[in-house]
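Scroll down for the structure; my scribbles are underneath it.
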Amino acid sequence: MRILTAAEMRQAEARAVQNGTSYEQLMENAGVQAAQQLTRTHAGAPRILFLCGKGNNGGDALVMARLLTLKGWAVSVSLLCGEQLSELAVLNRSRLPEQVRILPPDDSLYGEIARADLLVDAVFGIGFHGELPEPVRIVFREANASNAERIALDLPSGINSDTGEQSTDSFRADQTFTFGAYKPALLLDSCQPFCGEIICLDIGL
C-alpha cells in the first residue's frame, strides 16, 4: 500500500511531469479512472451533481463531468468557491458539453441536491487545512442529510490530508476515490465515518 503525504504527493506528480507526462494528463487520468469506476457500478443515466472548488480537485471533477455526459448521464456542476478557477480547471470547464448544467451556489442548489442520485465532492483536495468556509459548510450540511450516494475525490473536503483533523460539517462520503496513493488521513479510525469505502485509482504516477 502506497501512502503519501500532501507534500510527497506533489513531489510524485512533479517527478511524473519530469518523466514526460503533464499535469493536464494527470488530471485527465484522474477523471477517466474515476468516471470508469462509477460507470462500472451504476447502470442507466443517474442524475449526478458535482460540487466543485476552484483548484485541481475541481478540475478532476470537470473531466468526469465531460466523460459522463458523453455517456448519457444527467450531469450538473456547481462551482462553490466562485469563478476564479485554476488554469487546468478553466481548461476542463471549457471542454464541457453544452448539456452540462452549471448551477449557481445559491438557495436553488438545495433542491438540486435533494433530486440528485449521486453527489461528488471535489471542493478541496490534499491542501485543505483549518475550517470550511461557511457557505461550503451549509451546502455540505444539506448534502450529508440527502438520500443521494456521496462520492469524495481524493479525500472528503474538510479533512486535513496529513493529520486527519476535521472541520465542522466535513463531507461524509459513501466512497472515496483517492488518486495515485492513499493519504495518511484515510487510514485513521477517526476519519472512517467520513470516507466510506476507499478506492485507490492509478493515475500514472
Report summary line: With the first residue restricted to the range 85-114 and required to be surrounded by fewer than 16 Cβ atoms within 10 Å (Cβ to Cβ), and the second required to be basic (Lys, Arg), Cβ contacts under 7 Å at 6 or more apart or on different chains are Arg95/Arg66; Pro97/Arg66
Query - Evaluation of Ile126 against (1) assigned to a loop (DSSP other than H, G, I, E, B); (2) more than 13 Å from the chain's Cα centre (by Cα) (one fails), failing number - result: (2)
Query - Among the residues listed as Glu24, Glu112, Glu28, Glu87, the single one being in contact with a Ser or Thr (Cβ under 7 Å, 6 or more places away or on another chain) and among the acidic types (Asp, Glu) - result: Glu112
Report summary line: Selection from the range 18-48 of residues free of Cβ contacts under 8 Å to residues at least 60 places away in the same chain and over 30 Å from Leu188 (Cα atoms) yields Gln18, Asn19, Gly20, Ser22, Ala43, Gly44, Ala45
Query raised in the report: Which condition does Leu153 not pass, out of (1) more than 14 Å from the chain's Cα centre (by Cα); (2) modelled with pLDDT of 95 or more, if it passes all the others?
Result: (1)
**Report entry** Scope the range 123-139; condition farther than 17 Å from Ala185 by Cβ and touching a residue at least 60 places away in the same chain (Cβ under 8 Å); matching residues
**Finding:** Val139
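Let's see how each residue does on (1) open to solvent by less than 10 Å² (accessible area, probe 1.4 Å); (2) of a type in the set (D, E, K, R); (3) not in a loop (DSSP other than H, G, I, E, B):
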{"position": "Glu131", "(1), (2), (3)": "no, yes, no"}
{"position": "Pro135", "(1), (2), (3)": "no, no, yes"}
{"position": "Arg150", "(1), (2), (3)": "no, yes, yes"}
{"position": "Pro156", "(1), (2), (3)": "yes, no, no"}
{"position": "Thr163", "(1), (2), (3)": "no, no, no"}
{"position": "Ser170", "(1), (2), (3)": "yes, no, no"}
{"position": "Thr178", "(1), (2), (3)": "yes, no, yes"}
Report summary line: Of those in the range 25-46 that are in contact with a Phe, Trp or Tyr (Cβ under 7 Å, 6 or more places away or on another chain) and not in a helix (DSSP H, G or I), the residue surrounded by the fewest Cβ atoms within 10 Å (Cβ to Cβ) is Ala45
Requested in this report: Output the residues belonging to the range 47-59 that are open to solvent by 20 Å² or more (accessible area, probe 1.4 Å) and either modelled with pLDDT of 95 or more or not basic (Lys, Arg) (or both).
Outcome: Gly55, Asn56
Requested in this report: Would you confirm whether any residue within the range 68-76 is open to solvent by 30 Å² or more (accessible area, probe 1.4 Å), among the β-branched types (Val, Ile, Thr), free of Cβ contacts under 8 Å to residues at least 40 places away in the same chain and assigned to a strand (DSSP E or B)?
Outcome: no
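The values are calculated or read from the model by the stated rules, or taken from the named source; none is laboratory data. All of these numbers come straight from a predicted model, not from anything done at the bench. Cβ atoms come from the backbone with ideal geometry, glycine included; neighbour counts cover every protein chain shown. Side chains are part of the model used for accessible areas, which takes the heavy atoms of the whole protein and leaves out ligands, DNA and RNA. Shrake-Rupley method; radii C 1.70, N 1.55, O 1.52, S 1.80 Å.
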